[in-house]
Ligand SMILES: Nc1ncnc2c1ncn2[C@@H]1O[C@H](COP(=O)(O)OP(=O)(O)O)[C@@H](O)[C@H]1O
Ligand SMILES: [Mg+2]
């Protein structure tokens, strides 16, 4: 197991280098003046341009630029954005928000998705099963910005149950409360997928021979279904949820926009919009790293859940 | 059976109070005119059509028949593990020690599975839960039926694994099913099934998935356990060769009916039904080496459209007019021999 983890961590290095180099090349090698718009309407003074070029090693060949940049990054120096705010500070602030949002969405999809999936699976073909299948299809087929705006309008504006937007300065419990509705919106599509995945797997496992054995052992129906069949059915579901968590930690541009959330997604989006290469490359590098780590955790979890998978 | 003692009087393993089910004169199980049908989109499949038999303490009954003849459905109806729907039991009784299992409250019946009647299946790999250690799966019987704690029940599991001759049982108690060979897995199934010292054990093709040498080992283990515990054993098979040494009586099934029943050596020596004869002819015999096997021609009937008269008549060389109109009842054709053939006497004459 330790060997496996070490091997996987080593495998991450080329992936990380390759992916970040690609991003770096795309952002910094694109034609155009990197100092455009940096000094308002006017072109920047020559001195400033020179300083900027030196700071970012713009006169070196691209691989050298990249190596120098990554060297700084490894030391924790993320540089500053156009607005002269350290990227590291803003990124870590925004990461807290994104992580909270992702946590709410994941909890929502796990609890409601599995619950609905189990309900549908054990009543296959009955009313509740059709209800779950139909409503999840509905959610899957609506674009998330529609769900977001409708939820914001109805629950936030009209009925005033939830805050309409998120206040960047909120802390503690208040920030969780403000992120609740956006989190539910963000998790809504995954709820549908989790429910369907749970249902399909449960239906299949209920027909399995070992479920027949569990009955023949004189176990109660709730133990037969709730432990023997469900334990097997949840293996792919947990894997899906884990991968989804990794994806959600990359930010949620649409949901962040709708609810005015200062998350990672919007940060990268505005970075691209402003051609702020320092922001984009720094943030994306962290995203890639997080994504790779979460995926490693999911794979380890998969081996724990299914003893037939060997990591040796 | 010299003495029909109270069950579980003398074995240390059985920590339970004497069962409330006590056999009368050694009679454990009475299946009485049992019918099972499956309601599917293709119509009603009449899988079991009036099956009756008894099982006594220490007795081994083999149920023999081609695939699809209703052996497994019979076993699952006795166990009460058929999915209903699609299955339906329109008529019949299954009495265990005089109590009708089919009309018993479900929770009461559930508690008979394991301590009273137990079952093992053909494919031990798929019949064991892949995500739980084998010891845990055996121990579950003690925890759920006897209320033993984790370590006590695991101790029992190790002892059972030793009893069914799994090497290094103590070290392997935490291993998972896929880490064992096919024969060892079937031993684990057996350990689980006999854990609570049941009076009846049903083995549904327990060796079909195994190599020939392993088959023989599993059969002799079953025989040994059955004699040690005076169990009533129902051995389901499609291969008479596998059970001939172990079984006392044989019931031959065709299209959901018992078509012949007799002692194993009588059937082996002189079958009393053309179908049985066909089955026997399809077993390779040492004294007929090199000869082609004369399997029965044709296929078993579609259970949604069982032919009128004798269900076997389209495949029977002896079939006559009466076979296409009248259903032959299972009748005693010689002392201790029953056959459901209009021409049973002729068949017996050879
Ligand atoms: N779940 C089911 N749904 C529909 N039909 C079934 C089902 N299980 C069994 N049957 C029917 O019952 C017949 C007998 O099956 P089975 O008892 O398994 O045969 P075997 O003698 O090979 O064990 C099958 O041919 C099939 O038509
Ligand atoms: Mg079968």
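Starting from residues that are within 12 Å of ligand 2 (Cβ to nearest atom) and within 14 Å of another protein chain (Cβ to nearest Cβ), keep the ones in region B:35-74 and report whichever is nearest to the chain's Cα centre (by Cα).
Filtering region B:35-74 for residues that are within 12 Å of ligand 2 (Cβ to nearest atom) and within 14 Å of another protein chain (Cβ to nearest Cβ), the one nearest to the chain's Cα centre (by Cα) comes out as B:72.
As an exercise: evaluate residue A:95 against (1) touching a residue at least 60 places away in the same chain (Cβ under 8 Å); (2) out of contact with any helix residue (DSSP H, G or I) (no Cβ under 7 Å at 6 or more places or on another chain) and give the number of the one condition it does not meet.
Among (1) touching a residue at least 60 places away in the same chain (Cβ under 8 Å); (2) out of contact with any helix residue (DSSP H, G or I) (no Cβ under 7 Å at 6 or more places or on another chain), the lone unmet condition for residue A:95 is (2).
When you go through B:153, B:127 one by one, which is the residue that is within 14 Å of chain A (Cβ to nearest Cβ), in contact with a helix residue (DSSP H, G or I) (Cβ under 7 Å, 6 or more places away or on another chain) and either in contact (Cβ under 8 Å) with a residue 60 or more places away in the chain or within 29 Å of residue A:236 (Cβ to Cβ) (or both)?
Just a single option satisfies the conditions, and that option is B:127.
Identify, by number, the condition in (1) buried (at least 23 other Cβ atoms within 10 Å of the Cβ); (2) closer than 20 Å to residue B:130 by Cβ; (3) within 16 Å of ligand 1 (Cβ to nearest atom) that residue B:177 doesn't meet.
Residue B:177 satisfies all of (1) buried (at least 23 other Cβ atoms within 10 Å of the Cβ); (2) closer than 20 Å to residue B:130 by Cβ; (3) within 16 Å of ligand 1 (Cβ to nearest atom) except (3).
Of the conditions (1) part of a helix (DSSP H, G or I); (2) closer than 18 Å to residue A:257 by Cα, residue A:162 clears all except one; give me its number.
For residue A:162, the exception is condition (1).
Conditions (1) more than 17 Å from residue A:16 (Cα to Cα); (2) in contact (Cβ under 8 Å) with a residue 12 or more places away in the chain, marked per residue:
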position	(1), (2)
A:289	no, yes
A:292	no, yes
A:300	yes, yes
A:308	yes, no
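So, of the residues in region A:21-67 that are surrounded by 16 or more Cβ atoms within 10 Å (Cβ to Cβ) and part of a loop (DSSP other than H, G, I, E, B), which turns out to be modelled with the highest pLDDT?
A:44
Please go through region B:136-150 and pick out each residue that is more than 8 Å from chain A (Cβ to nearest Cβ), assigned to a helix (DSSP H, G or I) and either over 17 Å from residue B:172 (Cβ atoms) or touching a strand residue (DSSP E or B) at 6+ places or on another chain (Cβ under 9 Å) (or both).
The answer is B:142, B:143, B:146, B:150.
Looking at this structure, is residue B:118 within 16 Å of ligand 2 (Cβ to nearest atom) and buried (at least 16 other Cβ atoms within 10 Å of the Cβ)? Spell out how you get there, then give the answer.
Working: within 16 Å of ligand 2 (Cβ to nearest atom): no; buried (at least 16 other Cβ atoms within 10 Å of the Cβ): yes.
Criteria not met by residue B:118.
Of all residues in region B:203-235, which are within 16 Å of ligand 1 (Cβ to nearest atom) and away from chain A (no Cβ under 14 Å)?
Residues satisfying the conditions are B:207, B:235.
Could we say that residue B:26 is away from chain A (no Cβ under 14 Å) and more than 16 Å from ligand 2 (Cβ to nearest atom) here?
yes
The values are calculated or read from the model by the stated rules, or taken from the named source; none is laboratory data. Since the structure is predicted, the reported quantities are computational estimates derived from the model, not experimental observations. Neighbour counts run over all protein chains shown; Cβ positions are idealised from the backbone, glycine included.
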